[in-house]
Each structure stands twice: as C-alpha cells, then as structure tokens.
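Down below is the structure, laid out as structure tokens.
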Amino acid sequence: MSLHPPRRSPQDETRLIVLYTMAKLPPCNATQLQQFLFEYNEMNYFDMMFALNDLCANGQAIREKAGEDHHYTVTPAGEEALSLFGNRLPQSLRQFVEENSASFREKMLLDEHYPRQIRKTAEGDYVVSLGIQEKDQPVMQITISVPTARMAQDMVDFWPRHAGKFYGSAIFTLAQEEDQ
C-alpha cells in the first residue's frame, strides 16, 4: 500500500487565490475584490464570499468597518499561509495579480476619492451623482439630471480629472460677495 498525499480541494485553492489577491491590493470591500477577480475570470461571487468568510473565521483575514462599508485585509496568519502555500498557485494567476494590482489600486483610490454613479429614471432621463470625498467625509456632492446615457457616462468618466477645478470654481463663485 502506498501513501498518497491528500489532494487539495477546490475550496482550498479558492481561499488561497482570494488570500493572495487581498495581499497584493490595499484593504478593499467584497465588490472591489470581486471586480478584480472577475477580470481574471477566476471565480464567482458565491465562491469568493465563502472563501472570505472561511479566511475570516480561520483568522487569516479580518473584516473591518470602513465608513459605510467593510474592508478585508490579510492578517499575519494569512501572510504565513501565503509564505507556505502561495507558490502552489498557478504562475499565470500570480503574474496577472502582480501585473494588474497597481492599476487596480489607482482605480480604487479614484473611486474612493471621487464617487460617481448613474441612475436611469422612470421618465428615461439619467441622474448623475458626483462627489469628492476625503477620509470618509464628503467634501462636495452634486446631482445632475441629463437627457442621454452617453452624456451621463462622459460626466462620470471626466469627473476624477475635473473635480478639483469644479470644486475650486464653486467655492470661488459661492464665496464671492455680490457687488452692490
């Protein structure tokens, strides 16, 4: 009789993928983590959430309140698990995470500092919400109704580049005392 090492379960690999990805990204919420993993086409939402819950239950990750959301981070126990087993992940996955984590980190910061959202109304118009946020505190929030999806998307796309100018102009304009 020969001894065979136990095979890894798919859940073990899923947990390891989530842990490895979390270690390469700044603290993020479940939606941000799913967006990143979705680009690699690695797992579905439910598998990721089961893995996150298991990692937290085992002390390899923690879930902390961050504003109105929760962020997940790797603990020292999770870092130890990665040092022992991280090299068992496919090279292509590790390469994808390494190559894309910096740009995703920048996108996360933009989304955090310049929240923006589009909502379609029952009348067919689009409501664009734009904001500037610092340390979980809103600095400015505006809501604008526009007639087309294209116009709404352009506003959302351009907001991070132009928010500072818009804020400065609004402060200057609103702080001016009218000439009598």
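Just so you know, all these numbers are worked out from the coordinates, no wet-lab data involved. In this text, all values refer to a predicted model and were calculated from it rather than measured experimentally. Cβ: placed from backbone, ideal geometry, glycine included. Neighbour counts: every protein chain shown.
Matching residues to (1) within 16 Å of the chain's Cα centre (by Cα); (2) assigned to a helix (DSSP H, G or I); (3) loosely packed, with under 15 Cβ neighbours inside 10 Å:
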| position | (1), (2), (3) |
| --- | --- |
| ALA23 | yes, yes, no |
| MET48 | yes, yes, no |
| GLY59 | no, no, yes |
| GLU80 | no, yes, yes |
Looking only at the stretch 61-78, and only at residues there that are of a type outside the set (Val, Ile, Thr) and closer than 13 Å to ARG15 by Cβ, the one that is surrounded by the fewest Cβ atoms within 10 Å (Cβ to Cβ): ALA77
Could you grab me the full set of residues in the stretch 82-101 that are more than 16 Å from LEU33 (Cα to Cα) and exposed (fewer than 14 other Cβ atoms within 10 Å of the Cβ)? SER83, LEU84, ASN87, ARG88, PRO90, GLN91, SER92, GLN95
Out of SER129, SER145, which single residue is exposed (fewer than 13 other Cβ atoms within 10 Å of the Cβ) and polar (S, T, N, Q)? SER145
Taking the condition of being among the basic types (Lys, Arg), surrounded by fewer than 14 Cβ atoms within 10 Å (Cβ to Cβ) and in contact (Cβ under 8 Å) with a residue 12 or more places away in the chain, how many residues in the stretch 113-123 meet it? 1
When you go through TYR72, TYR126 one by one, which is the residue that is in contact (Cβ under 8 Å) with a residue 24 or more places away in the chain, over 30 Å from PRO27 (Cβ atoms) and in contact with a Lys or Arg (Cβ under 7 Å, 6 or more places away or on another chain)? TYR126
Number of positions in the stretch 121-155 that are farther than 16 Å from LEU109 by Cβ, under 19 Å from the mean Cα position of the chain (by Cα) and not in a strand (DSSP E or B): 0
